[in-house]
Amino acid sequence: MNSPLSPWAAKALGWFLLQFVRLLTGAQARWYGCPPLAEQRIYFANHQSHADLVMIWAALPQELRAITRPVAARDYWMKTPLRQWITTAVFNAVYVDRERKEGGDPLQPLEEALERGDSIILFPEGTRGDGDEPQAFKSGLYTLATRFPDVVLVPAWIDNIQRVMPKGEVVPVPILCSVTFGAPVRLAPDEERRAFLDRARAAVIALRDV
Amino acid sequence: MNQFLRNLTASQQVGALFITVFGLLALATVAVVLLTVHSQETQDDGTRAEQARDWRQLLGTSWFMVVIFWLAWATGEAMATLLFALIAFFALREFITLSPTRRGDHRSLVLAFFVVLPIQFLLVVTRHFDLFTVFIPVYVFLAIPVASVLGGDPQRFLERNSKLQWGIMVCVYGMSHVPALLLLQFPRFNYEGKQAFLVFFMVIVVQTCMLVQHVVTQRLKLPPSLPGISSSFNWRTWGWGVMAGSVLGVLLTFITPFKPPQALAAALIACIAGSLGHLVMKALKRDRGVTTWGHRGRSTTGANGLLDRVDALCFAAPIFFHSVRWTFGASA
């Protein structure tokens, strides 16, 4: 991983992955509620497939891709050296533990990234959903919203990706996909945790049919 | 002039044809651009602007087609086949996107995209014409539902599988007959190296039919004959389109191995198959509630999907191919 070749290899792999995703899915971005701006943002989206991370990464324009870091589940993406290398060198991912460890704060890596000024891509369901509707959001989004009130929260709906690569399959099939970005959601001054999370989830679901 | 053209080699003749077509298209583009600028200056009402957009779209499609065919000819048979395989791939991608597949279909989809499609075009390029005509209707017809049934999901089984098979028939089987034309050989006629003319003949005739139909529809403003399916289709304008395509076919007899009545028949067959196939695809789109096969949400901007542009060809090509092959005893 620390060989002198790796930055070039990572660039080449990143380019290859981008073309591959475009070939399979079209990687279309639809900016409905906000323009693609280089401000600090937390994109939060529905989660149906491991390919979600690659999809939303590919849909962002080049300039934003460089300053936006996807959040990846440590147990899945650190499992093999190849996965780890891809998420680190190509996606510049932030790893989180999905299972809470004793005494540790699972949000700490995200906070560090936000403090450095990076934007992040978050899947607040925490795990891949199986049904049509996203599951209830976990509280991480709310916590980050209270600690970083200046970061813009952008909801996103990733469409069709579960058809490209359903759970348990290894070969992806070509189907057109799109990522729809909605109007930013703001945390109201005295909003409850659950109410905010439900409102954020509704904002994501609303993008399905625009 | 005629004598001069006859003295050129086959590839020089094809080259001259492309230069002529590119020249005509360039002239048409300049004319449309000038007209658009003019109508902007006079600040005409919205209908004029709409018409100009329609024209630009038609021109865009025509440029796209001509460039594709020029590339196909210029790069040789293998590259041409690869090019049409890519078009088939993207067209099938659009078709599948709007079909209701379920998780159990994943293996059949993998089969369709990564096994059936490459094999079909490989059969074309290796000139296995007998296998190429039956591979999808006979073998794949069984393979796809078998892959699907092994997925273990009976819900809407017939609907899912028939839609997938339809997509393969139209996008892969139909499209693969276009490069197959490049490989046809005529026993009683020295046509070697000029098969690109045959592809050109079919495409230009079908496109002219669609274009004339479109223009006449705009001019006459006749009520749609099948309002449930298309807001523009009318039998009378359709007749004009088919007639125009056929007449052009007769005029182009000199680039084909046909005699004038045969050229008329071939053009007529291609036009009817292409335009009615386009109508059939319109019905599918209506059923799905979309106006284009392209990316969702793009239809408002006027951009079209690839399948919208090539669907007439997908239906015309197999019928044209087999009519010509059987009539002339042409072989691979």
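The values are calculated or read from the model by the stated rules, or taken from the named source; none is laboratory data. Everything numeric here is computed off the predicted structure, so don't read it as measured data. All Cβ positions, even for glycine, are placed from backbone atoms using ideal geometry, and neighbour counts span all protein chains on display.
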- Query: Quick check: is even one residue across the range B:51-73 surrounded by fewer than 16 Cβ atoms within 10 Å (Cβ to Cβ) and either among the acidic types (Asp, Glu) or touching a strand residue (DSSP E or B) at 6+ places or on another chain (Cβ under 7 Å) (or both)?
  - Reply: yes
- Residues in the range A:141-164 that are more than 9 Å from every other protein chain (Cβ to nearest Cβ) and part of a loop (DSSP other than H, G, I, E, B): how many? 4
- Note on the structure: When restricted to A:27, A:45, the only residue within 13 Å of chain B (Cβ to nearest Cβ), crowded, with 17+ Cβ neighbours inside 10 Å and not β-branched (Val, Ile, Thr) is A:27
- Message: I'm trying to understand the selection: among the residues of the range A:112-125, which are over 17 Å from residue A:206 (Cβ atoms) and either in contact (Cβ under 8 Å) with a residue 60 or more places away in the chain or touching a Ser or Thr at 6+ places or on another chain (Cβ under 9 Å) (or both)?
- Response: A:113, A:114, A:117, A:118, A:119, A:120, A:121, A:122, A:123
- Working only within the range B:134-156, note down all residues that are over 15 Å from residue B:115 (Cα atoms), over 25 Å from the mean Cα position of the chain (by Cα) and without any contact (Cβ under 8 Å) to a residue 12 or more places away in the chain. B:149, B:154
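Table: residues versus (1) over 25 Å from residue A:175 (Cα atoms); (2) within 14 Å of chain B (Cβ to nearest Cβ); (3) hydrophobic (A, V, I, L, M, F, W, C).
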{"site": "A:9", "(1), (2), (3)": "yes, no, yes"}
{"site": "A:13", "(1), (2), (3)": "no, no, yes"}
{"site": "A:20", "(1), (2), (3)": "no, yes, yes"}
{"site": "A:34", "(1), (2), (3)": "yes, no, yes"}
{"site": "A:38", "(1), (2), (3)": "yes, no, yes"}
{"site": "A:41", "(1), (2), (3)": "yes, no, no"}
{"site": "A:49", "(1), (2), (3)": "no, yes, no"}
{"site": "A:63", "(1), (2), (3)": "yes, no, no"}
{"site": "A:70", "(1), (2), (3)": "no, no, no"}
- Out of all the residues in the range A:107-115, is one or more over 16 Å from the mean Cα position of the chain (by Cα), at pLDDT 85 or above and closer than 19 Å to residue A:75 by Cα? yes
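Quick grid of which residues meet (1) in a helix (DSSP H, G or I); (2) among the aliphatic types (A, V, I, L, M); (3) at pLDDT below 95:
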{"site": "B:145", "(1), (2), (3)": "yes, no, yes"}
{"site": "B:151", "(1), (2), (3)": "no, no, yes"}
{"site": "B:155", "(1), (2), (3)": "no, no, yes"}
{"site": "B:163", "(1), (2), (3)": "yes, no, yes"}
{"site": "B:173", "(1), (2), (3)": "yes, no, no"}
{"site": "B:179", "(1), (2), (3)": "yes, no, yes"}
- Residue that is farthest from the other protein chains (Cβ to nearest Cβ) [pool: residues in the range B:67-84 that are farther than 19 Å from residue B:17 by Cβ and touching a residue at least 60 places away in the same chain (Cβ under 8 Å)]: B:81
- So which residues in the range B:305-332 are at pLDDT below 80 and buried (at least 18 other Cβ atoms within 10 Å of the Cβ), if there are any at all? B:305, B:328, B:330
- Item | residue A:185 vs. criteria touching a helix residue (DSSP H, G or I) at 6+ places or on another chain (Cβ under 9 Å) and within 14 Å of chain B (Cβ to nearest Cβ) | no
- Query: From the list A:167, A:138, which residue is within 11 Å of chain B (Cβ to nearest Cβ) and either surrounded by fewer than 18 Cβ atoms within 10 Å (Cβ to Cβ) or over 14 Å from the mean Cα position of the chain (by Cα) (or both)?
  - Reply: A:167
- From the set of residues in the range B:242-290 that are touching a residue at least 24 places away in the same chain (Cβ under 8 Å), of a type outside the set (A, V, I, L, M, F, W, C) and in contact with a Ser or Thr (Cβ under 6 Å, 6 or more places away or on another chain), which is surrounded by the most Cβ atoms within 10 Å (Cβ to Cβ)? B:245
- Restricting the search to the range A:170-182, which residues are within 11 Å of chain B (Cβ to nearest Cβ) and either within 30 Å of residue A:117 (Cα to Cα) or touching a helix residue (DSSP H, G or I) at 6+ places or on another chain (Cβ under 7 Å) (or both)? A:171, A:172, A:173, A:174, A:175, A:176, A:177, A:178, A:180
- Task: Please indicate, with yes or no, whether at least one residue in the range B:98-105 is in contact with a Cys (Cβ under 6 Å, 6 or more places away or on another chain) and more than 9 Å from every other protein chain (Cβ to nearest Cβ).
- Result: no
